[in-house]
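Student: To start, I am sharing the structure in question, which I have written as structure tokens.
The values are calculated or read from the model by the stated rules, or taken from the named source; none is laboratory data. Keep in mind it's a predicted model, so treat the numbers as computed, not measured. Note: ideal-geometry Cβ built from the backbone for every residue, glycine included; neighbour counts use all protein chains shown. Ligands, DNA and RNA are stripped out before the accessible areas are found, and what is left, the full protein with its side chains, is counted by its heavy atoms. Shrake-Rupley method; radii C 1.70, N 1.55, O 1.52, S 1.80 Å.
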Amino acid sequence: MEELKSKLLYAPKNGYASLTAEQRAEMESYCKRYAAFMDACKTEREATAWAVETAKANGFQEMKPGMAVKPGDKVYFNNRNKSILLAVIGSESLENGANICAAHVDSPRMDVKPNPLYEDAEIAYFKTHYYGGIKKYQWATVPLAIHGVVYRKDGTVVTVTIGEDDTDPVLYVSDLLIHLSADQMQKTAAKVIEGEQLNVILGTEPLADTESDAVKLHVMKLLNEKYGIIEEDFLSAELTVVPAGRCREVGLDRSLLGAYGHDDRVCAYAEIEPLLTMGTPKHTAVCILADKEEIGSVGVSGMQSQAFEYFMEMLCDTQGVKLSRCFANSFCLSADVSNAFDPNFPEVSDRRNNCKLNYGVAICKYTGSRGKSGASDASAEAMGHVRTTLDNAGVLWQTATLGKVDQGGGGTVAAYMANRNIVTVDAGVPVISMHAPIEVVSKLDCYMTMLACKAIYLA
């Protein structure tokens, strides 16, 4: 009977049960590189700049219209410094399709408003507008940093980073003290902190001999001295407020990683690392690091834009291949995170179908909400392709769904890739506390997701 159970029943096991000493060492090394990437890249702009620099160092060249390429060539397309597409040209024609991995490098955050600086009760603040789905109360009383660029009046662009160096000050959003919170504590979680209360404290010291807005003027003076900006320059700025601090190991056994923005840079890094040192694959391997996924993949740098078509058309033109035929024969792994089962909140998950920490990369047939709305819902053939590919490569994997039916839901870029007539399946790293200022992932799952992307590229 035990032999029959082993043969017929599905019984996934914790990945550590089969992890070899060599794999463990590789996993730890990989996660150190990933943590360094996370420390350097807290915005999509920073992730794109990192990817361009790293790609160049590994032999990639910028792809331009009319440029000739041959099997084994490595090329990239920088989409306005906000997203990037990379490819390693395969030995087979693009008429037979490409193997694509698509992730996003934007994360939930607070964006500084166009006219943000004001003073109230002799405290200087920045006004913000939150980006993506967040629990607003989680962003109060935590150390914050500001990242971004300012396009100055003279036409020059300056990069701003405050709050990450150990000698930097951090920023802060206040909350109400518990002693005076009787009314606040009666509010729903959605109303405990309102969007217009996400005002970031910048300073309290007034500038001497100033009659009005003395603190605001002092803050502006400091920014002018360091970055050469004036208040009007905020109108053409892109400044983002994110949690301050580095990616850290979590747990006494150091098996987890805690950081801001695992969703979805944990999958973005898993996509790009195996591509950097790849030889000539059978099918052209394409890596997409997209922007704007957290607000619907809209805009010129989002996955709904024509930037992907533009890049792929340049590649197809070098081989005289129709873009539509390439898409029809391509496969895409939409590499995005899933919610890991959290025993602190078991009521929102279907235990039989939710992914778990340390069981490997999570394959998600469909996302969406309210009857799979917004999902691409991969076919049996597509799921079978991923299953066979990962099994043949020795990659540990599990299945995933986004919580119980009618509990909530979400989406990825999968639907937009599938709309292009590209067979697409969602897969990624299970995450605890998704969209919180600090999210948690398993080292083992990070490592297996990288191996999964590698296997898909080489399929």
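Student: Determine the share of the chain's accessible area contributed by carbon and sulfur atoms, expressed in whole percent, with a 1.4 angstrom probe.
Tutor: Carbon and sulfur atoms account for 51 percent of the accessible area of the chain.
Student: Under a 1.4 Å probe, what is the accessible area of the chain per residue, stated in Å²?
Tutor: 47 Å²
Student: Between I230 and D209, take the C-beta separation as r, use R0 = 30 Å, and let me know the FRET efficiency to the nearest 0.05.
Tutor: My answer for the efficiency is 0.90.
Student: Continuing with the same structure: Please compute the Cα-Cα pair-distance distribution of segment 245-355 with 10 Å bins starting at 0, giving whole percents from short to long.
Tutor: For segment 245-355, the binned pair fractions read 10, 29, 33, 18, 8, 1 percent.
Student: Full extension from K404 to H129: what is 0.36 nm times the residue separation minus their Cα-Cα distance, to one decimal in nm?
Tutor: 96.0 nm
Student: Can you tell me the mean projection area, over all orientations, of the convex hull of segment 170-251's alpha carbons? Units nm², please.
Tutor: 9.7 nm²
Student: To the nearest 20 debye, what charge dipole does the chain have about its Cα centre, counting +1 at the Cβ of each Lys and Arg and -1 at the Cβ of each Asp and Glu?
Tutor: The dipole of the chain has a size of about 1600 debye.
Student: What FRET efficiency comes out for the pair V158/T280, r = Cβ-Cβ distance, R0 = 51 Å, nearest 0.05?
Tutor: Calculated value: 0.80.
Student: Mean 1/r over all different Cα pairs, inverted: what Kirkwood radius does the chain give, in Å?
Tutor: Taking every pair of different Cα atoms in the chain, averaging 1/r and inverting gives 23.5 Å.
Student: Also, quick follow-up: What does the C-alpha gyration tensor say about the overall shape of segment 328-409? Classify as rounded when a/c is under 1.5, otherwise prolate if a/b is larger than b/c, or oblate.
Tutor: Taking the square roots of the gyration eigenvalues as a ≥ b ≥ c, segment 328-409 is oblate.
Student: Starting from 0.36 nm per residue, how many nanometres of slack lie between S379 and I295 once their C-alpha separation is accounted for?
Tutor: 27.6 nm
Student: Something else now. Between Y16 and K64, what length in nm is gained on full extension when 0.36 nm per residue of separation is reduced by their alpha carbon distance?
Tutor: Here the segment from Y16 to K64 would lengthen by 12.8 nm.
Student: Still on this model: Give the peptides 24-37, 236-249 in descending order of average Cβ contacts within 10 Å, highest first.
Tutor: Listed from highest to lowest mean packing, they are 236-249, 24-37.
Student: If R₀ is 30 angstrom, what is the calculated FRET efficiency for the pair L222 and Y310, using the beta carbon separation as r and rounding to 0.05?
Tutor: Calculated value: 0.10.
Student: Pairs K64/K322; K32/K282; K74/K282; K365/K443; K56/K443; K13/K356: which exceed 20 Å Cα-Cα?
Tutor: K32/K282; K365/K443; K56/K443
Student: Starting from the Cα of K372, draw a straight line to each of the aspartates and glutamates and keep only those under 16 Å, dropping any in the same chain fewer than 8 residues away.
Tutor: Straight-distance partners of K372: D350, D406, D426.
Student: Just the C-alpha atoms of segment 127-229: what Rg/Rh do they give, with Rh taken as the Kirkwood radius?
Tutor: Taking Rg over the Kirkwood Rh, I get 1.03.
Student: Using the Cα centre of segment 67-175 as the reference point, and only Cβ charges (+1 on K/R, -1 on D/E), how large is the resulting charge dipole? Debye, rounded to the nearest 20.
Tutor: Dipole about the Cα centre, nearest 20: 420 debye.
Student: Less than 23 Å apart at the alpha-carbon level, and either on another chain or at least 8 residues along: which lysines does that give for K113?
Tutor: Of all the lysines, those that pass the test against K113 - Cα under 23 Å, at least 8 places apart if same chain - are K42, K82, K127, K135, K136, K153, K191, K216, K221, K226, K292.
Student: With every protein chain left in place and a probe of 1.4 Å, what is the accessible surface of V431, to the nearest 10 Å²?
Tutor: About 0 Å², rounded to the nearest 10.
Student: Enumerate the residues in segment 124-150 having an amide nitrogen under 16 Å from the point lying 7 Å beyond the Cα of E194 toward its Cβ.
Tutor: 127-130, 136-137
Student: Cβ neighbours within 10 Å, averaged per peptide: list 391-397, 204-210, 402-408 in order, most packed at the top.
Tutor: So the order, starting with the most tightly packed, is 391-397, 402-408, 204-210.
Student: Right, here's the next one. DSSP beta bridges in the chain, what fraction antiparallel, as a percent rounded to 5?
Tutor: Percent antiparallel among DSSP bridges in the chain is about 70.
Student: Each label point is 7 Å from the Cα along the Cα-to-Cβ direction; what then is the distance between the points at Y118 and I178, in nm?
Tutor: So the label points at Y118 and I178 sit 3.1 nm apart.
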